[in-house]
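Below: the structure, in structure tokens.
The values are calculated or read from the model by the stated rules, or taken from the named source; none is laboratory data. Since this is a predicted model, take the numbers as computed values, not measurements. Every residue, glycine among them, receives a Cβ derived from its backbone with ideal geometry; neighbour counts consider all protein chains shown.
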Amino acid sequence: MGLTLAAELRRYGVATRLIEKAPERSDKSKAVVVWSRTMELMDRMGCAPAFLATGLKATVARIFFDGREWGHIGLEGVASPHPFALMLPQSETERLMAEHLGRLGGSVERGVELAGFTADPARVVAQLRLPGGREETVATQWLVGCDGAHSTVRHQLGMDFVGDTLMTDWVLADLEVPAEQARNEIEIHWHASGILAIFPITAGRIRIIADVGDTNVLQPRAEPTLADIQALIAQRGPAGLQATTAIWLAAFHINERKVADYRAGRVFLAGDAAHVHSPAGGQGMNMGMQDACNLAWKLALVCRGECAPEPLLASFSAERSEIGRQVLKATGRLTRLAVLRGGIKQDLRNRVAGVLLGLKSVRARVADTITEVAMGYPDGPLNRGGDQPRTGPAPGERAPIRAGESPVGAGGEPRFALFADPGAESGSLAVEFAGLIEPTVRAPFGSGGIWLVRPDGYVAVATRRGRGEEVAAFLRGLLA
């Protein structure tokens, strides 16, 4: 999250300082999937090719009940330039993003810890603890805490991290398997004894996640062994799958928590510092990176002196907190369904899921949801649009991405894009707001409409031709 935010701000010409307490980058895989919407944002960031060259593309998730396939969710039909799950370890994602940041002139200052800070309406003053015990005081305009679930920034702000810890034990294993047994598919196995999920990571390497029963706080479970994981595979997973080496074994619990507000004056929270949830759906890292992309263009416009701080910065918490709430609710529901116990409950769950997965419309909706292309801000505070066009995206929706068209927000300036018919109306908007709108007006998404798309690719204004004053009023509101 911090890497993504720093890289985006650097791309837009904003000076940043990125500190990291850990002296070295973690070699643990942690998150293992980059979804379609994040890849689309990487297109505009300019770093997608490096990720595509490194990761493994998975285009289907298969669901099994007691060894029998009951349904699958194909990703090939997702309306995105990247209709797949890009599988790669988070350690590689961090490496590639750090290299991208380096090309933009930035770096990670490792071994530097945030000891504390004070904030007032004019600035933030941070106390840093450097290697060797030295201390440094830094004054800055803004501070963003991308410092994880145990966030120092969140604790000092005194923000409540509201939610629960699920009383279920889970295990995680990254395993090497024979190449002939590896599949470029995600597999979810529902079994009478629990769930087992298999994610491909690289050729010959997979991730296993499984629940192993209710938590006993008086007798915590020991860390799993390779033999434990192999027994779970034999009981719940595909026949014949045999791990050769364990790369990482861990036991964990699922926390579902978020803060109410992602901002306190000049201080923001993003990623796990603001929200943590079940790994169901693999949304966590992607949500954090999208937090960063949402905040970056807004901060950039303010720091460059091109927009007033409000209402632009206030919209960050309103938009991303609602996304966090939705994901927390959805992943929690999926997790509770996965760990249902009792034959009757499991049978009912399996039958209902089997019927739903048999519907093409349901499979398409699930694919759009997990790849995150369906996420948007339909009730976001920046949306404008009264007399909307009959066709095309509505305010708050992700704008369609058309083949051969440069991504909105690409390049060194955070610019809106105007999608409208050529003529005096669109031309006058482009002239009046030359500092905020791309110089070239793009073809409209439908006949008789005007759309203003934000630098992160979401529609800000949708209205009918002849009502360009609505676009102008929106942009003037940002300048006020």
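Would you confirm, using the coordinates I've provided, whether residue 119 is touching a Lys or Arg at 6+ places or on another chain (Cβ under 7 Å), under 18 Å from residue 265 (Cα atoms) and not aromatic (Phe, Trp, Tyr)? Yes; evaluated as a whole, the condition is true for this residue.
Which pairs do you get when a residue that is more than 19 Å from residue 9 (Cβ to Cβ), found in segment 29-52, comes within reach of a residue that is part of a helix (DSSP H, G or I) and of a type in the set (Gly, Ala, Ser), reach meaning Cβ atoms under 7 angstrom, with the pair 6+ apart or on two chains? Within 7 Å, the pairs are 29/91; 31/284; 39/48.
Residues that are surrounded by 14 or more Cβ atoms within 10 Å (Cβ to Cβ), in contact with a strand residue (DSSP E or B) (Cβ under 6 Å, 6 or more places away or on another chain) and not aliphatic (A, V, I, L, M) within segment 124-153 comprise 127, 129, 140, 145, 151, 152, listed in sequence order.
Screening residue 288 against (1) surrounded by 16 or more Cβ atoms within 10 Å (Cβ to Cβ); (2) within 24 Å of the chain's Cα centre (by Cα); (3) modelled with pLDDT under 95 leaves a single unmet condition, (3). Here residue 4 fits the description: in contact (Cβ under 8 Å) with a residue 12 or more places away in the chain and either in a helix (DSSP H, G or I) or surrounded by fewer than 19 Cβ atoms within 10 Å (Cβ to Cβ) (or both).
For segment 7-22, filtering for residues that are of a type outside the set (D, E, K, R), part of a loop (DSSP other than H, G, I, E, B) and out of contact with any Pro (no Cβ under 8 Å at 6 or more places or on another chain) leaves 5.
Among the candidates 327, 302, single out the residue that is under 23 Å from residue 37 (Cα atoms), under 25 Å from the mean Cα position of the chain (by Cα) and in a helix (DSSP H, G or I). Unique residue meeting the criteria: 327.
Scanning segment 300-310 for residues that are touching a residue at least 12 places away in the same chain (Cβ under 8 Å) and in contact with a Leu (Cβ under 7 Å, 6 or more places away or on another chain) yields 300, 301, 306, 307, 308.
Taken over segment 212-229, the criterion of being surrounded by fewer than 21 Cβ atoms within 10 Å (Cβ to Cβ) and in contact with a strand residue (DSSP E or B) (Cβ under 9 Å, 6 or more places away or on another chain) is satisfied by 212, 213, 214, 215, 216, 220, 221, 222, 223, 225, 226, 228. When restricted to residues that are over 24 Å from residue 81 (Cβ atoms) and among the β-branched types (Val, Ile, Thr), segment 451-480 contains 3. Of the listed requirements (1) modelled with pLDDT of 95 or more; (2) not assigned by TED's automatic domain parsing to the domain that holds residue 272, residue 70 misses just one: (1). Does residue 352 satisfy being buried (at least 17 other Cβ atoms within 10 Å of the Cβ), of a type in the set (Val, Ile, Thr) and either over 25 Å from residue 164 (Cβ atoms) or modelled with pLDDT of 85 or more (or both)? It is false that residue 352 is buried (at least 17 other Cβ atoms within 10 Å of the Cβ), of a type in the set (Val, Ile, Thr) and either over 25 Å from residue 164 (Cβ atoms) or modelled with pLDDT of 85 or more (or both). Being in a loop (DSSP other than H, G, I, E, B) and hydrophobic (A, V, I, L, M, F, W, C) is the filter here; which residues of segment 23-56 pass it? If the condition is that a residue be in a loop (DSSP other than H, G, I, E, B) and hydrophobic (A, V, I, L, M, F, W, C), then 31, 32, 35, 47 are the ones that fit. Here residue 26 fulfils each of the conditions (1) in contact (Cβ under 8 Å) with a residue 60 or more places away in the chain; (2) buried (at least 20 other Cβ atoms within 10 Å of the Cβ) apart from (2).
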